[in-house]
Structure formats: C-alpha cells, structure tokens
Amino acid sequence: MRELLIGNAAVARGLYEAGCSIVSSYPGTPSTEITEMAAKYDEIYCEWAPNEKVAMEVAFGASVRGKRTCCCMKHVGLNVAADPLFTLSYTGVNGGLVICVADDPGMHSSQNEQDSRHYAKASKIPMLEPSDSAEALMFTKLAFELSEEFDTPVFIKMCTRVAHSQSIVETSERVLPEDKPYEKNPQKYIMVPANAKLRHPFVEERTRKLTEYAETAEINREEYGDSDFGIITTGTCYQYVKEVFGESVSVLKLGMIHPMPVERIKSFADKVKKVYIVEELDGFIETHVKSLGIDCIGKEMFSNIGELSQLAVATAFGLDEPQFASVDTNVPGRPPVMCAGCPHRGMYYTLAKNKITVLGDIGCYTLGSMPPLNALDTTLCMGASVSGLHGYNKAGGKETEGKTVCVIGDSTFMHSGITGLVNISYNASNSTVIILDNSITGMTGHQQNPTTGYNIKGDPAAKIDLETLCKAVGINRVRVVDPYNLAECDAVLKEELSAEEPSVIISRRPCVLLKSVKAKPALTVSKDDCKSCKMCMKLGCPAISMHDGKADIDATLCVGCGVCTQMCKFDAIK
Amino acid sequence: MTKSIMIVGVGGQGSLLASTLLGKLLVTEGYDVKVSEVHGMSQRGGSVVTYVRYGDKVYSPIIEKGDADCIISFEKLEAARWVQYLKKDGVIITNTQQIDPMPVVIGATEYPADILTELSQKVKVDALDALSLAQQAGSSRAVNIVLMGRLARQLDIPTEKWEDALRAVVKPQFVDINLKAFELGYNFGL
Ligand SMILES: Cc1ncc(C[n+]2csc(CCOP(=O)(O)OP(=O)(O)O)c2C)c(N)n1
C-alpha cells in the first residue's frame with residue numbers, strides 16, 4: 001500500500017514488517033513516535049523504560065533470547081545508554097537488535113546538538129542513515145538482516161527532518177523470522193576480561209567484513225551526472241543536494257555511514273574533478289575521506305553548527321540568492337510558554353518570590369527559566385538537578401542550604417533523579433529536592449511513566465509511590481503540596497528549607513492538558529475592582545494580559561486554576 | 001515543478017490537522033508529497049511551522065526563504081514572521097486573529113497594531129476572520145478548516161476532492177461542522 005508516513009512511523013512500520021517483537025525505549029524528541037507507533041501494532045510488545053540504559057539492556061536480553069528487538073532514543077539518550085552500548089558491540093546478538101537514535105541538528109527540542117555518528121565509530125557498530133520515510137522503512141528491515149548476519153547491533157540514525165517529515169512509503173506484510181532459541185555461550189555473553197579479549201578481535205574482523213559489504217552494498221549509491229564535480233552526502237543532506245542540482249550532479253549517497261567503503265570512495269573521487277562533502281554537524285565523512293588521502297572540501301564550506309538546507313547548499317556553491325519581501329516592523333518573538341493552568345507555575349512563583357537558587361532539570365518545567373518567572377539557575381541534563389544540588393550545597397554549606405532547591409519532573413526523577421537522591425541521603429547534604437509531579441511525561445507529548453499507574457498502551461500498571469520511594473532511600477521529611485495553593489507552597493517551602501536534614505517536597509497536580517483533567521469555568525476580572533497593580537502578571541500566565549490599563553483574562557485559554565485569584569489583593573478576579 | 005505551501009501559527013492551534021488533510025488530498029491526486037511537521041518544545045504556545053511540498057518528484061522536505069507559493073497563517077503576527085519565505089508572486093492567507101506572545105503579555109514589547117496593513121503593502125494578502133467563521137460553523141476549533149477552504153481557492157483541485165479528504169481525516173461526529181467551516185472559508189467575501 002502507498003502511504004504518507006512520517007519517518008518515525010516508517011521505522012515503526014519497518015519494525016513490524018521485519019517481525020520485531022520487543023521494543024523498549026525512553027521518549028525524547030525527535031525519536032518518540034517510533035515507539036508510540038510501534039505500540040499500535042498488537043504483534044509488537046512495546047514499553048516505556050525508565051531510561052535509555054534500561055531500554056537498551058532490555059533489548060539485549062530480548063535479543064539473547066532470540067527475538068528481533070529494538071530500542072529507541074534521542075541523541076542525548078545514547079549518552080545514558082553508552083555503557084551497555086560499548087559492550088553490546090562485543091557480545092553481538094542472537095535475535096536481530098536495532099538501536100534507533102535520533103539527532104536534533106538545529107536543536108528544535110534539545111539541550112545540545114551532538115552528532116551520534118561518532119558513537120557508531122567509537123563503539124564499532126554499523127549505522128544506517130535514511131534520507132526519507134521510504135528509506136526509513138527499508139533500512140530498518142535491512143538493519144535486522146545485517147544484525148543477524150554480522151552478529152552485531154545495528155544503528156538506525158534519524159534526524160529531525162527525516163523523523164518528522166512525511167513522505168510516501170510502500171508497505172508490505174509482516175514476516176516473522178524463525179525463533180532462535182537461547183543457547184548457553186559464556187564466551188559470547190559473559191564479558192569478563194578473558195572472554196572480552198576473545199571478542200574484541202571478532203569485533204575488529206566484523207568491521208573489516210562490514211567495510212567489504214559497504215563496497216558493494218546497494219544502500220550506498222552512485223548517481224553520475226554531467227557536472228565535473230562530485231558530492232558525497234547522506235541522509236537529509238542528500239535531499240538538499242538533489243533539490244539544488246537535480247540530475248546534473250554526481251553524487252555518492254552513503255546509506256551506511258559506518259563503516260564507510262574505501263575503494264568505492266576512491267573510485268568515485270577518480271571519476272570527478274573535485275569532491276565536496278555535504279553533511280550536517282561534524283565533518284564525519286570528511287575525516288574518513290581525507291584519511292584515504294583524497295582531497296575534498298567539506299566544513300570549509302559548510303557550517304558544523306545547526307541544520308543545512310537547500311538554501312545553505314545553494315549559497316555555499318555561490319548560486320543565486322533568493323528574492324523575498326520582509327516587513328520593517330519589529331516582529332516580537334514567540335517563545336514556547338508554560339500553558340495556562342500549568343501546575344508548575346505556582347511552585348515557580350513561590351520560588352521566585354522567595355529568591356531561591358534553583359538547580360533545574362529538563363522537561364516542560366524548564367520553561368520556568370523564562371521571564372517573568374526567571375526561576376531557574378541551571379539546566380544540564382536529565383537528573384543533574386538533584387546531584388548538582390548536592391554538590392552545590394557541599395560547596396556552599398550552611399550559606400546555601402537554606403536558600404537553594406532543585407526541581408525535577410516525575411518522569412525525569414524516575415529516569416535519573418533517584419540515584420542523585422540516594423547520594424544526598426548517603427553522603428548527607430542538607431538539601432531540599434522538589435519533585436514537580438504532574439503525573440505524566442509532559443514535554444515529549446504525554447507518555448506514561450512508572451509514577452502514573454498506566455503503561456504505554458494506557459492499561460493500568462504498577463504505580464511507583466514517590467513518597468514511599470523517597471523514604472526508602474533515607475529521606476525522613478517527605479511533604480506533598482498542591483501547587484495551586486500558593487500559601488501552602490510558601491509555608492512548606494520555608495519549613496523544609498529551615499529543617500536540619502534533607503527533605504523532598506512533592507508538588508503534585510496533574511498536567512492540565514490530560515484528558516482526565518476537567519477545566520473549570522474561565523475566570524474574569526472585574527474592571528471596577530482591578531487597581532492595575534499587575535501582581536497577577538507576575539505569574540506569566542498566557543491567559544492574562546493588560547488591556548487599557550486593566551488586567552484581562554482570555555476565556556479561551558483560562559482553565560480556572562485560580563492561582564491568579566490568590567495574587568489579587570483586591571478580589572478583582574472571580 | 002514543485003509547489004510549496006507553508007502553514008504557520010501558534011502551537012496548539014491545530015495546524016497538524018490542516019497538514020494531514022492537505023497531505024492526504026495531494027497523495028490521492030497522485031503527487032509526490034513531503035510534509036514536514038514540528039513536534040516537541042515549540043508546540044507549547046510557541047511559533048510553529050509546517051512545510052508541505054508536492055510535485056512530480058519532491059526532494060527537500062523543507063521550504064526556504066523566497067520559496068513558498070502560499071503561506072497560510074493562523075495568526076497575523078505569524079504571517080509577518082514568515083513573510084520572507086514567500087515567493088515574489090506568492091500569496092499569504094491569514095487569519096486576522098491576534099494572540100499576544102509572552103513578551104507582549106509581560107509588557108516587554110508591543111504587538112505591532114498595523115502589521116496587516118504593512119504586510120498588504122509588501123505582498124499579496126488574503127485576510128479573513130477565520131475564528132468568527134469557525135464559530136459560525138459550530139466550533140472555534142475549526143479555524144484550521146476555514147483556512148483550508150480558503151486555500152482551496154488557490155489550488156486546482158475540485159472541492160469535492162477536498163471534502164472527501166476531509167471526511168477521511170476528521171471524526172464522523174465532526175464532519176458536518178468541518179464541511180461547513182470549509183465552505184465558509186471557500187466562499188468568504190463572495
Ligand atoms: C537523556 C535524555 N532522554 C530524553 C530526553 C527528552 N526529554 C526531555 S524532558 C523529558 C521528560 C520530561 O518529563 P517530566 O520530567 O515528567 O516533566 P514534564 O515535562 O512533565 O514537566 C524527556 C523525555 C532528554 N532531554 N534527555
């Protein structure tokens with residue numbers, strides 16, 4: 001069937017058609033939809049693992065048992081899973097194992113723009129990079145075959161533009177591979193030094209064989225045109241090159257980005273007068289081509305920062321600049337904001353009001369760093385708020401303990417906050433940890449997590465009780481507050497900051513965007529009672545603005561959370 | 001020739017349904033189609049953009065400055081934000097609705113009051129109050145379909161085809177409202 005699918009849905013379709021039966025992932029833009037779409041096929045068991053390391057290890061176990069299996073993550077998730085990754089390269093697989101990793105050049109939704117291709121090289125695991133949805137489907141199926149043939153995990157590398165662009169795919173039926181029962185094989189699966197020493201040469205030999213494969217593989221493709229220069233490219237950059245040059249240009253399109261062929265690149269270079277490399281982020285192909293002694297032009301011409309595009313390619317080659325109109329008026333920016341009624345807001349207002357230093361984390365609640373709340377001081381990576389707070393307080397001692405907290409979401413806490421809390425407890429810092437529990441993984445579009453009581457299919461599941469968990473790791477003071485109640489937030493924050501031992505405050509209210517949360521009637525401002533003091537504006541609620549000198553509430557946005565009514569000394573908001 | 005259409009607006013305004021509808025329609029018409037969406041961070045009330053490109057063979061999924069044949073904007077400030085992406089003889093279809101971005105809400109800057117006037121001096125603008133038309137059709141959420149109705153005037157595809165595609169993408173209970181919204185957008189000003 002011909003269908004229009006986003007790249008991530010095409011990968012999911014590839015998983016289905018390849019007979020993959022186990023998928024374990026942790027969400028992260030732009031990789032999330034692969035697992036969400038895969039979960040729609042009843043034949044595939046899918047789950048949200050607490051983090052990427054767990055997901056990859058689940059995939060390892062499922063592969064050892066002989067099933068085709070997959071784990072998906074965003075680029076930074078691969079850092080979390082790097083430990084199993086490097087040794088998984090040694091053990092190899094039983095059932096085919098595919099790791100989907102999605103990069104985010106341009107940082108549409110990420111904290112850095114690392115280039116995952118380096119991981120393929122460093123861990124000696126082959127990596128395929130599709131350039132549209134049709135290839136995403138095809139490469140995913142191929143990845144399973146390569147995985148089993150060469151006894152290796154295989155990467156599918158996506159990027160935002162391939163992951164989130166719809167293009168046409170041809171779908172076919174699911175074909176189940178034969179079951180491969182587990183056979184005990186300590187030399188392959190128990191990676192102690194004696195065995196790992198035997199596996200490492202295997203890995204090197206495997207890379208040699210894969211390089212040989214790359215010399216003839218169809219996923220690497222030469223297209224000769226009449227121009228006298230040639231372009232080596234991959235993924236979405238291939239599309240930009242074709243958009244600019246059409247059939248006229250000679251292209252070597254690498255579908256397999258690691259390992260790369262040697263002879264094929266040399267012979268391509270021989271046939272053209274000049275070689276250009278068009279790739280996003282680092283000069284990964286360029287380094288390889290140069291290592292073969294081939295003169296080529298890459299990052300001298302293209303930035304290693306941000307995304308490329310057809311315009312970037314055209315401009316670099318000195319083609320015509322486009323013509324366009326623009327307005328002279330300054331167009332105000334429109335940054336993302338915390339939603340009206342977001343439960344994070346009440347706690348952030350309390351922290352800002354008390355001038356607290358806040359070590360932050362990653363999620364919707366990172367938006368608390370924006371004006372007017374300006375409530376955050378740091379954001380590094382998932383989990384770093386809790387461990388960072390401990391370090392900050394060890395360094396600051398009494399001077400910082402009563403004036404500093406960290407904030408972390410429920411999903412992020414389960415991902416990697418809990419180990420930091422163990423450290424606070426074990427190595428005794430008088431730290432105050434605030435868990436912003438909105439009962440969902442908000443930022444990435446509402447995925448269930450171990451604290452929500454539901455699994456990926458929406459079926460009831462074990463619900464990790466945060467209070468019990470925090471107590472179990474040795475925190476005696478665990479408080480729960482309602483972030484819609486500003487007085488309560490203020491009182492409990494002050495109490496816990498002045499306590500002489502570590503504490504956890506759970507700020508609990510479900511995300512207003514959840515279907516199960518019913519909005520209350522929108523609030524209105526009495527123009528007569530409004531004294532224009534702008535106290536309500538301090539909340540940074542997108543539903544409240546000043547019109548003709550008076551506060552005004554947008555009824556289409558307001559969900560009646562009532563936090564602003566507590567800000568108004570004149571009872572003007574009802 | 002590849003045609004390029006941009007759909008821009010404020011996160012949460014329903015541009016995803018519009019691009020799904022358009023994508024489906026263009027595939028049925030036999031075109032090669034690419035639709036580039038935005039997910040994640042920017043959906044939280046930020047400025048969002050979707051690219052739709054179609055033709056015999058489409059390579060790039062994104063649209064660059066000076067490339068778009070048509071920009072459909074769900075909000076007037078967004079029309080101004082993306083105008084550089086319009087081709088010289090392209091047209092902007094925009095909703096006249098005003099949604100204040102946070103810097104305006106907190107008083108750090110002002111919403112440019114005459115933005116539509118300035119836009120109209122620079123490029124071809126087709127402005128309509130899509131929110132009122134949507135409400136007239138029965139739901140303020142049908143703004144996206146009102147605007148698709150307007151777009152239908154620009155493309156060479158019979159309205160019956162649009163209506164079939166619409167039936168295929170919206171839930172049965174919302175078909176009537178959306179068909180009405182489509183018609184109101186299509187016929188506005190006639
Ligand atoms: C290692 C890693 N994996 C995944 C992500 C993507 N990501 C960013 S925040 C987040 C979860 C946010 O959920 P939660 O902590 O519950 O906060 P909320 O958004 O609901 O406020 C995810 C999955 C990431 N940034 N880093």
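The values are calculated or read from the model by the stated rules, or taken from the named source; none is laboratory data. As the structure is a computational prediction, the values presented were derived from the model and not from experiment. Note that each Cβ is placed from the backbone with ideal geometry, even for glycine, and that neighbours are counted across all protein chains shown. Accessible surface is based on the protein model in full, side chains and every heavy atom, while ligands, DNA and RNA are left aside. Shrake-Rupley method; radii C 1.70, N 1.55, O 1.52, S 1.80 Å.
Scanning chain A for GluC sites (Glu not before Pro) in DSSP loops with at most 16 neighbouring Cβ atoms within 10 Å leaves A:301-499 as the longest stretch between them.
Note the per residue figure in Å³ for the convex hull of the C-alpha positions in segment A:492-574.
About 114 Å³ per residue, rounded to a whole number.
For segment A:518-574, the fraction of 1.4 Å probe accessible surface lying on carbon and sulfur atoms is 56 percent. Taking each residue as 0.36 nm, the span from residue A:532 to residue A:86 lengthens on full extension beyond its C-alpha to C-alpha distance by 154.5 nm.
For the pair residue A:320 and residue A:357, a Förster radius of 60 Å applied to the C-beta separation gives a FRET efficiency near 0.70, rounded to the nearest 0.05. For chain B, a crude dipole built from +1 on the beta carbon of Lys and Arg and -1 on the beta carbon of Asp and Glu, taken about the Cα centre, is about 260 debye to the nearest 20. Here segment B:90-155 has 42 percent of its accessible surface on carbon and sulfur atoms, given a 1.4 Å probe and all protein chains in place.
Each of B:58, B:45, B:187 was scored by the projection of its Cα onto the charge dipole of chain B, and the greatest displacement toward the positive side belongs to B:58; charges sit on the C-beta of Lys, Arg, Asp and Glu. For segment B:119-171, the fraction of alpha-carbon pairs lying more than 12 Å apart is 70 percent, rounded to a whole number. Placing +1 on the Cβ of every Lys and Arg and -1 on the Cβ of every Asp and Glu, with nothing else charged, gives chain A a dipole about its Cα centre of roughly 1620 debye.
At a 1.4 Å probe radius, carbon and sulfur cover how many percent of the accessible area of segment A:249-362?
That fraction is 50 percent.
When the trypsin sites (Lys or Arg not before Pro) in segment B:1-95 are filtered for DSSP coil states and for at most 13 other beta-carbon atoms within 10 Å of their beta-carbon, the remaining sites are B:57. Of the trypsin sites (Lys or Arg not before Pro) found in segment A:191-284, the ones in coil according to DSSP and having at most 12 other Cβ atoms within 10 Å of their Cβ are A:273.
Beyond 30 Å in Cα-Cα separation lie the following of the pairs A:40/A:74; A:518/B:24; A:463/B:34; A:157/A:242: A:518/B:24; A:463/B:34. Within straight cross-link reach of residue A:574, meaning Cα distance under 15 Å, which aspartates and glutamates are found once same-chain residues fewer than 8 apart are removed? Reachable aspartates and glutamates: A:528, A:529, A:552, A:554.
Tell me which of A:296, A:332, A:322 sits at the most positive position along the dipole axis of segment A:295-361, charges placed on C-beta atoms (Lys, Arg +1; Asp, Glu -1). Comparing the listed Cα positions along the dipole, A:332 ranks first.
Rolling a 1.4 angstrom probe over the protein heavy atoms with all chains in place gives segment A:220-316 an accessible area of 36 Å² per residue.
Spread over its residues, the convex hull of the C-alpha atoms of segment A:344-508 is 99 Å³ per residue. Determine the calculated [θ] at 222 nm for chain B from helices alone, applying -39500 (n - 2.57) to every DSSP H run no shorter than 4 residues and normalising by the residue count; nearest 500 deg cm²/dmol. Here the helix-only value at 222 nm equals -11000 deg cm²/dmol.
Set the Förster distance to 45 Å, then compute FRET efficiency between residue A:223 and residue A:501 from the Cβ-Cβ distance, nearest 0.05. That pair, residue A:223 with residue A:501, gives E of 0.10. For segment A:226-357, the percent of C-alpha pairs falling in each 5 Å distance bin, counted from 0 to the bin holding the largest distance, reads 2, 9, 16, 16, 13, 8, 5, 6, 7, 8, 5, 4, 2, 0. How many percent of Cα pairs in segment B:31-184 exceed 27 Å? Roughly 26 percent, once rounded to a whole number. Straight-line cross-link reach from residue A:494 at under 17 Å between alpha-carbon atoms covers these lysines, not counting any fewer than eight positions away in the same chain: A:353, A:355, A:398, A:403. Under the combined filter of DSSP loop state and at most 10 neighbouring Cβ atoms within 10 Å, segment A:290-396 retains these trypsin sites (Lys or Arg not before Pro): A:355. For a straight C-alpha distance cut-off of 16 angstrom, the lysines reachable from residue B:65 (same-chain residues fewer than eight places away being disregarded) are B:3, B:87, B:88, B:122. Projecting the alpha carbon convex hull of chain A along each direction and taking the average yields 30.7 nm². Estimated from helices alone, the mean residue ellipticity of chain A at 222 nm is -10000 deg cm²/dmol (sum of -39500 (n - 2.57) over DSSP H runs with n ≥ 4, per residue). Taken over the C-alpha atoms, segment A:2-216 has Rg and Dmax values of 16.0, 51 angstrom.
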